[in-house]
Amino acid sequence: MENLPQICVDTYDAFITTERFGTREEVIRWIKEVGIDNKVTVIISPSDSETGKRGRSNKLIFGRDKGGKHKSTDSETQSASKKCGSPFKIRLTPAKDGSGWKIDVKCGLHSHGLPDRLEGHSFIGRLTTDEKQHVADLTKRHVPPRHILLSFQDRDPENVTLITQVYKHKSVIQKEIRGSRSEIQHLFKLIEDADYVYWSRKRDDSEVVRDIFWAHPDSVKLLNIFPIVLVMDSTYKTNKYRQPLFEIVGMTSTELTFVVAFAYMESEQTENFCWVLEKLKELFVKKDLCPQVILTDRDLALMKAIEIVFPRSINLLCRFHINKNVSAKCKQHVVNDLQKTIDTLWMEVVWASDEVEYGQRLHQLEQACVDYSGFINYVKDTWLTPHGHRFVGL
């Protein structure tokens, strides 16, 4: 004890007890519960058997998770350790009179201060059986993990479960549901069980799936009732295989949206988009029916595919995405004092009602950006010259 720092914490009184415990499991549970109440993470030390190996024996040695000393190696790789040499030690042995397990607190000292909360500790944050069932129940109701975590904290303000524990248990649940099937095989099963309309294709001479397209029967009906406007976009990095999820959304006459179809694609090449759009085309009952307007972002491969598959459709670009990109570029090139003014001038160009007003607004924007050629060239070369007819309100 002579090497202990002058300032340390003593939890001897918290763990001392004359109680006898009937089973090994009971005494372990009691030790860990007392540890949690006192902000001490207690673990079974590696030397808990007479042979020096882990396993059941006639005695148990408990220490802190940060107990022991870090073993340095000759490796050039830098490493870190949580070990801080805490001397805390509790010994559990069966009583000689057979009355059960007894606790002997060898040392209640800690070489470092104890935390106010055990939040962030992987051991303390482990889900209990009840919490696992809670995750399973909410997952069935499609509750997002962040909301599941909030429900834990509502039930117990002292709960220190992390979002990673929720995600991990959701993964366990999904694996149990899938069984021996892969993710793609399970997706096909779900699609077939729900009677979705779907197509897929594989790589040549291979069982590897390239693209999948699926649509709900009710979505097909809505598409044929409201085929005038479609919105198409991709989401990225939302799945294990990093494949873009392509989403097609329709719009009713009352400006309500509905999902038409989804597609997983091998890549965002024109050929892949053409295959997806051809499958979309097959959903129309009347073969001469096609969307009048298709709204996308500036995905050149998708825009080319629309020209090939739906040559009669008008392809407009999403102003929200355009304005977001232009605003980001403005912050890169323009001084802070003028950014708001130039953003306003840009919006006036976009919303110009006729060619005369468009010319006037564009001239004003050019005058304001006379010292920022990088920005005005970006606006013209990337948006106005090649695609102005797709989003300017003339």
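The values are calculated or read from the model by the stated rules, or taken from the named source; none is laboratory data. Just so it is clear, the structure is predicted and the values come from calculations on it, not from any experiment. Note that each Cβ is placed from the backbone with ideal geometry, even for glycine, and that neighbours are counted across all protein chains shown. Surface areas here come from the heavy atoms of the whole protein model, side chains and all, with no ligands, DNA or RNA. Shrake-Rupley method; radii C 1.70, N 1.55, O 1.52, S 1.80 Å.
Points to keep in mind about this one:
- Applying the criteria of a DSSP loop state and at most 14 other Cβ atoms within 10 Å to the GluC sites (Glu not before Pro) of the range 226-330 yields 255, 282.
- The stretch between residue 126 and residue 178 holds 16.4 nm of extra length on full extension. This uses 0.36 nm per residue minus the Cα-Cα distance.
- In this structure, the residue pairs whose Cα-Cα separation is over 29 Å, taken from 170/221; 202/287; 170/304; 189/279; 39/106; 96/132, are 170/221; 170/304; 96/132.
- Global geometry of the range 343-394, whether rounded, prolate or oblate, following the gyration tensor of its Cα atoms and the 1.5 cut on a/c: oblate
- Solvent-accessible surface of the range 245-379, averaged per residue with a 1.4 angstrom probe and all protein chains in place: 54 square angstrom.
- Heavy-atom surface analysis with a 1.4 Å probe gives the range 188-309 a carbon and sulfur content of 54 percent of its accessible area.
- Sparse-neighbour loop sites [GluC sites (Glu not before Pro); the range 128-198; at most 13 other C-beta within 10 Å; DSSP]: 158
- Label-to-label distance, nm, for residues given as residue 286 and residue 146 (7 Å Cα→Cβ offset): 4.4 nm
- What the phi angles of the range 87-97 give under the Karplus curve with 6.51, -1.76 and 1.60, with θ = phi - 60°, is a coupling list of x, 3, 7, 10, 10, 10, 9, x, 5, 5, 7 Hz, glycine and proline written as x.
- Between residue 202 and residue 320, the modelled labels are 3.9 nm apart [label points 7 Å from Cα along Cα→Cβ].
- Potential extension, residue 252-residue 171 segment - 0.36 nm per residue separation minus Cα distance: 25.5 nm
- Cα gyration tensor category, rounded, prolate or oblate, for the range 140-233 with a/c compared to 1.5: oblate
- Part-to-part distance (alpha-carbon centres) for the range 169-213 and the range 273-345, which is given in Å: 30 Å
- In the range 277-380, the trypsin sites (Lys or Arg not before Pro) that fall in loop regions by DSSP, at most 14 other Cβ within 10 Å: 286, 287, 312
- Counted charge near residue 166, where neighbours are those whose Cβ lies closer than 12 Å (Asp, Glu -1; Lys, Arg +1): +4
- In summary, the aspartates and glutamates within cross-link reach of residue 286, defined as a Cα separation below 18 angstrom excluding same-chain residues under 8 places away, comprise 218, 278.
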